[in-house]
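The values are calculated or read from the model by the stated rules, or taken from the named source; none is laboratory data. If you're wondering where the values come from, they're calculated on a predicted model, not measured in any experiment. Cβ sites come from the backbone with ideal geometry, for glycine too, and all protein chains shown count toward neighbours. Remember, those area values only see protein heavy atoms, side chains included, never the ligands or the DNA or RNA. Shrake-Rupley method; radii C 1.70, N 1.55, O 1.52, S 1.80 Å.
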Amino acid sequence: MEQQHTTAPEGQSPEDAITLREATDMIRTAQLMGWLDESRCNFLAVNVMVNELEEYGFQPLSLTEPWDIQPGGKYYVVQNDTALFAFVAGEALPGDAGFHIISSHSDSPGFKLKPNPEIYGDGGTVSLNVEKYGGGIMYTWFDRPLSIAARLMLRSEDVMHPESVIVDLEDPIALIPHLAIHFNRGVNDGNPLSVQKDMKPVIGQYTKEEYAEFKKMGGVVKCMLADAAGVAPEDILGMEAVLYPVDNARLAGAHNEYLMSGRIDDLSMAFTSLQALLAQAETPTAATRVMAVFDNEETGSGTRQGAAAPTLRNILLRITNALHGEENSENFLRAIADSFMISADDAHAWHPNYNEKYDPTNHPVIGGGPVVKINANCKYMTDSRGDAIFRGLCERAGVKCQYFVNHADVAGGSTLGNILTSQLDLAGVDMGCAIWAMHSACETAGVSDHLDTARVFETFFSV
């Protein structure tokens with residue numbers, strides 16, 4: 001069916017018509033790029049995914065209320081505005097068929113504004129005091145147009161439940177200018193950077209009188225965000241504001257084979273799991289299918305919306321109890337024993353300029369298909385069983401598969417898979433797509449790898 005040809009437009013020969021598969025791939029690529037452009041930070045990414053889920057009929061659940069779940073039903077729950085868990089309840093009970101889970105994360109390295117961030121300098125120049133979030137490649141942030149997105153916590157009648165508003169300034173209102181080479185002749189020989197000194201963004205010029213008026217209302221940034229949200233500055237009781245590059249996702253390469261964008265790690269995996277869940281949401285399966293998008297992976301996952309918290313365990317437990325109609329730990333333990341998780345976090349692609357950095361026989365390439373990640377010291381959850389299951393899914397989807405193993409003299413990091421297994425004794429595999437410049441302000445992935453991974457995820461959500 002995938003090779004079926006569409007009808008050729010008038011004046012076009014049938015041999016020039018694109019296949020149904022090609023048309024689907026074009027739509028999926030454009031959809032991914034649009035989602036990346038909208039998802040300037042973790043808050044916005046979850047908003048984008050929630051909007052898509054609701055359009056496909058997924059119903060919201062509250063963490064503070066009882067759950068009424070029906071077999072085949074489509075549901076989602078949000079944790080602290082930055083973590084999202086969506087699922088389609090299986091036709092069979094969880095204790096009899098388990099869960100099929102794809103996990104990823106919503107956050108990316110960058111810069112957050114500190115409280116009272118503004119610094120007034122010579123000529124009325126206002127710069128911002130920032131803090132580094134995660135392990136980003138800092139010099140890639142110089143001389144780029146930047147904007148600010150934020151979660152604002154607003155005064156409400158219930159002091160224990162302030163109102164939450166997500167806002168995006170969208171316009172390029174900031175930049176981090178690099179020091180001219182004339183003042184640092186050795187810049188190309190190595191340039192250690194200080195976040196406190198070198199990475200302060202500039203947002204504009206204000207007279208002393210203008211700035212004094214803004215200070216009375218909480219500062220320039222607070223007033224900008226309040227205006228964008230349509231609220232009074234004094235009603236903002238707290239905020240989490242992040243910088244982001246305003247550059248949009250774009251295709252590159254001689255054949256448009258590369259996708260360049262910020263936040264590819266790990267939103268590309270989150271959005272690919274979303275595409276797969278939506279595509280298979282109406283396909284009946286015995287297992288309950290779950291898309292889990294955590295936050296704060298880049299800082300160790302140690303928050304209530306991170307993978308180290310019992311959030312996923314609690315959600316799977318509540319699903320099990322609701323569908324079985326009873327609180328019986330035996331049902332939950334049986335469900336977990338029969339479950340499988342794909343921990344989806346992007347991998348390092350072989351770089352043509354740095355061959356010596358990679359394992360000689362296990363270095364994935366862009367365009368080579370999904371990457372299984374393996375580590376002898378168990379930094380990844382992959383074992384031979386998980387590897388075999390994922391390779392079997394790739395075979396069924398008609399997709400190539402490749403491996404990433406660290407150079408033996410280089411210590412590897414960990415990701416969601418083995419963090420989650422501290423809460424749940426899940427079987428699974430760590431995988432991702434091969435990308436260049438991981439943690440840069442602009443990363444590069446392979447278009448075909450995204451499409452192949454979507455096919456594998458769809459296969460997983462259909463069995």
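Which of the residues that make up segment 352-373 are in contact with a helix residue (DSSP H, G or I) (Cβ under 7 Å, 6 or more places away or on another chain) and either in a loop (DSSP other than H, G, I, E, B) or farther than 26 Å from T421 by Cα (or both)?
Hits for segment 352-373 are I366, G367, G369, P370.
If you go through segment 20-56 one residue at a time, how many are open to solvent by less than 40 Å² (accessible area, probe 1.4 Å) and not in a helix (DSSP H, G or I)?
Residues meeting the conditions: 3.
May I ask you to list the residues in segment 73-101 that are open to solvent by 30 Å² or more (accessible area, probe 1.4 Å) and at positive phi?
Scanning segment 73-101 gives N80, D81.
Among the residues of segment 445-463, what is the count of those that are part of a loop (DSSP other than H, G, I, E, B) and either within 15 Å of the chain's Cα centre (by Cα) or among the β-branched types (V, I, T) (or both)?
Qualifying residue count, segment 445-463: 1.
Looking at segment 286-299, which of the residues that are among the charged types (D, E, K, R) and open to solvent by 10 Å² or more (accessible area, probe 1.4 Å) is nearest to I101 (Cα to Cα)?
E297
In this structure, is T283 open to solvent by 30 Å² or more (accessible area, probe 1.4 Å), among the polar types (S, T, N, Q) and touching a residue at least 12 places away in the same chain (Cβ under 8 Å)?
So T283 passes the test.
For segment 265-279, does any single residue satisfy the condition of being in contact with a helix residue (DSSP H, G or I) (Cβ under 7 Å, 6 or more places away or on another chain), at pLDDT below 95 and over 14 Å from D107 (Cα atoms)?
So far as segment 265-279 goes, no, none of its residues is in contact with a helix residue (DSSP H, G or I) (Cβ under 7 Å, 6 or more places away or on another chain), at pLDDT below 95 and over 14 Å from D107 (Cα atoms).
Considering only residues that are not in a helix (DSSP H, G or I) and not charged (D, E, K, R), look in segment 304-327 and name the one that is farthest from S343 (Cα to Cα).
Only one residue fits best here, namely G325.
Taking segment 434-444, which residues are part of a strand (DSSP E or B), closer than 14 Å to L267 by Cα and open to solvent by 10 Å² or more (accessible area, probe 1.4 Å)?
Filtering segment 434-444 for residues part of a strand (DSSP E or B) gives 434-436, 443-444.
Those left that are additionally closer than 14 Å to L267 by Cα: 434-435, 443-444.
Matches in segment 434-444: T444 only.
Might you let me know whether segment 127-146 holds any residue that is open to solvent by 50 Å² or more (accessible area, probe 1.4 Å) and in contact with a Lys or Arg (Cβ under 6 Å, 6 or more places away or on another chain)?
Yes, there is a match, as at least one residue in segment 127-146 is open to solvent by 50 Å² or more (accessible area, probe 1.4 Å) and in contact with a Lys or Arg (Cβ under 6 Å, 6 or more places away or on another chain).
So which residues in segment 223-257 are open to solvent by 50 Å² or more (accessible area, probe 1.4 Å) and outside any helix (DSSP H, G or I), if there are any at all?
Listed by number, the residues that qualify are G230, L237, M239, E240, D247, N248, R250, L251, A254, H255, N256, E257.
Please indicate, with yes or no, whether at least one residue in segment 416-433 is closer than 23 Å to I264 by Cα, part of a loop (DSSP other than H, G, I, E, B) and in contact with a strand residue (DSSP E or B) (Cβ under 6 Å, 6 or more places away or on another chain).
Yes, that holds for at least one residue.
Give me a count of the residues in segment 300-351 that are of a type in the set (V, I, T), within 21 Å of the chain's Cα centre (by Cα) and either open to solvent by less than 40 Å² (accessible area, probe 1.4 Å) or over 30 Å from A434 (Cα atoms) (or both). Outline the logic, then answer.
The initial filter retains those residues of segment 300-351 that are of a type in the set (V, I, T), namely 303, 311, 315, 319-320, 336, 342.
If we keep only those that are within 21 Å of the chain's Cα centre (by Cα) as well, we get 303, 311, 315, 342.
Filter once more, keeping what is either open to solvent by less than 40 Å² (accessible area, probe 1.4 Å) or over 30 Å from A434 (Cα atoms) (or both): 311, 315, 342.
Looking only at that region, the number is 3.
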